[in-house]
Amino acid sequence: MELAWYALLGLFFATYLVLGGYDYGVGLALAGDADPRRRRTALNAVGPFFLGNEVWLVAAVGILFGAFPLLEGELLAGFYPAVLGALAGVILVTAGVQLRSRPASERIRARWDRVVVVGSALAALGWGALLAGLLQGVPLHADGHVAGLGHLFTPFAAAAALATVALVAVHGAAFLALRLPAADAAGAARLTRRLVPVALAAVGAATVLGLLSDRVRAAVQRPALGVLLPVALVAALLAARAALHRRRPGLAFAATSVALALPVALVGAALWPFVLVSTVDPGASLTVADAAASEPTLRLLGWLVLPLAPALLGFQLMCWWVFRGRIDGRAPVYW
């Protein structure tokens, strides 16, 4: 049962990264566009999905709190700069998008757009640093607590965080190529193609630093997966670029979605059966089974999740179906 809950936690968080990722990617795209009309059109493209995407983060945190209380405590204690930065970014993006829609001059809207850009970067950096910190192990002592924050300030963690920003930027640009009016979509497709080599370089740098890191090599339990999944990530990015060359933005967006989900799969599969690998005392490493709540608690939570997961999925599918296709860029709708 612990494996099922662990997989469900990974699925919910990966879904959040994919769906929230294009929100933050669109936010990053605002930094390179000085045209107020195009900025508003880009936000209108993401408008129908914006708040619904963040529900997956709430659901993932709920599973973490209920099903893995020990893991929740050590994540918040040992990764609080990354978690705090990511949550601050989520709040800034939400506030910036909402408040820019209030009656104001274009100068004020431009300031809120900069808030959205900063928040998007913080969210991507924070979640990337969290995943990297898990993958390279933590200073977990015999008392069951993580001591210090040095595991978040390493070359590998920095490279992985920047790679996450690059992946989010590519994903957001691919989303705009799929959703913007035809007159603007070509520019978004060109931006996506230009960002793919940047993302490939960032992923390559993070992979090389991971292979050279003693921390990562000691923490990863399945080295073959540690190499195979980055290769799959590179393949997904190349597939996205090829799809855009063939003018298939839907396939490109699907490929970038896979690229954002793969890091979660990499961390979960490479560390199994551990969820926190200790770099100071191998015997103190926390397994998934040890981190999980008791069997009765997991069964009770199961009765809550059984209706929740289909409801979340159904809501997301309904939104995508109702708002399918390109938006009409002639008039602002949401923001």
Practice item. Any chance you could count how many residues in region 147-161 are of a type in the set (A, V, I, L, M, F, W, C) and surrounded by fewer than 20 Cβ atoms within 10 Å (Cβ to Cβ)? Key: 4
Review point. Going by the structure shown, is ALA157 out of contact with any Asp or Glu (no Cβ under 6 Å at 6 or more places or on another chain) and touching a residue at least 60 places away in the same chain (Cβ under 8 Å)?
Key: no
**Study point:** Set LEU51, LEU28: member being of a type in the set (A, V, I, L, M, F, W, C), part of a helix (DSSP H, G or I) and crowded, with 20+ Cβ neighbours inside 10 Å
**Key:** LEU28
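Rundown of residues vs (1) open to solvent by 20 Å² or more (accessible area, probe 1.4 Å); (2) among the aromatic types (Phe, Trp, Tyr); (3) in a helix (DSSP H, G or I), yes/no style:
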position	(1), (2), (3)
VAL165	yes, no, yes
ARG193	yes, no, yes
ALA205	yes, no, yes
ARG215	yes, no, yes
LEU225	yes, no, yes
ALA243	no, no, yes
GLY250	yes, no, yes
PHE253	yes, yes, yes
Revision key, fill the gap. Of the residues in region 292-329, those that are part of a helix (DSSP H, G or I) and among the polar types (S, T, N, Q) number 2
Point to revise | Selection count, region 230-241, where residues are open to solvent by 30 Å² or more (accessible area, probe 1.4 Å) and out of contact with any Gly (no Cβ under 8 Å at 6 or more places or on another chain) | key: 6
Check your understanding: In region 255-282, which residues are among the β-branched types (Val, Ile, Thr), open to solvent by 50 Å² or more (accessible area, probe 1.4 Å) and either without any contact (Cβ under 8 Å) to a residue 60 or more places away in the chain or outside any loop (DSSP other than H, G, I, E, B) (or both)?
Key -> VAL258
**Study point:** Which listed residue, of PRO139, PRO155, is at pLDDT below 95 and in contact with a strand residue (DSSP E or B) (Cβ under 7 Å, 6 or more places away or on another chain)
**Key:** PRO139
**Study point:** Looking only at region 93-146, and only at residues there that are in contact with a Ser or Thr (Cβ under 8 Å, 6 or more places away or on another chain) and open to solvent by 60 Å² or more (accessible area, probe 1.4 Å), the one that is nearest to VAL26 (Cα to Cα)
**Key:** LEU125
Exercise for review: State all residues of region 31-48 that are closer than 13 Å to ASP328 by Cα and open to solvent by 30 Å² or more (accessible area, probe 1.4 Å); if no residue qualifies, say none.
Suggested key: ARG37, ARG38, ARG40
Revision key, fill the gap. Note: among PHE79, PHE68, just one is under 22 Å from HIS141 (Cβ atoms) and in contact with a Phe, Trp or Tyr (Cβ under 8 Å, 6 or more places away or on another chain), namely PHE68
Check your understanding: Quick one: is ALA252 touching a Lys or Arg at 6+ places or on another chain (Cβ under 9 Å) and among the small types (Gly, Ala, Ser)?
Key -> yes
Practice item. Return the residue satisfying two criteria in turn: it lies in region 54-65 and is in contact (Cβ under 8 Å) with a residue 60 or more places away in the chain and open to solvent by less than 20 Å² (accessible area, probe 1.4 Å), and of such residues it is farthest from the chain's Cα centre (by Cα). Key: ILE63
Review point. Residues ALA174, ALA166, ALA189: which one is aliphatic (A, V, I, L, M), farther than 25 Å from VAL288 by Cα and without any contact (Cβ under 8 Å) to a residue 40 or more places away in the chain?
Key: ALA166
Review point. When you scan region 283-297, how many residues do you find that are farther than 18 Å from LEU3 by Cβ and either among the aliphatic types (A, V, I, L, M) or surrounded by 13 or more Cβ atoms within 10 Å (Cβ to Cβ) (or both)?
Key: 1
Check your understanding: Residues ALA124, ALA86, ALA132, ALA59: which one is at pLDDT 85 or above, in a helix (DSSP H, G or I), of a type in the set (A, V, I, L, M, F, W, C) and within 30 Å of ASP328 (Cβ to Cβ)?
Key -> ALA124
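The values are calculated or read from the model by the stated rules, or taken from the named source; none is laboratory data. This one's a predicted model, so the numbers in the text were calculated from it and none came from an experiment. Note that each Cβ is placed from the backbone with ideal geometry, even for glycine, and that neighbours are counted across all protein chains shown. Note: areas computed on protein heavy atoms with side chains; ligands, DNA, RNA excluded. Shrake-Rupley method; radii C 1.70, N 1.55, O 1.52, S 1.80 Å.
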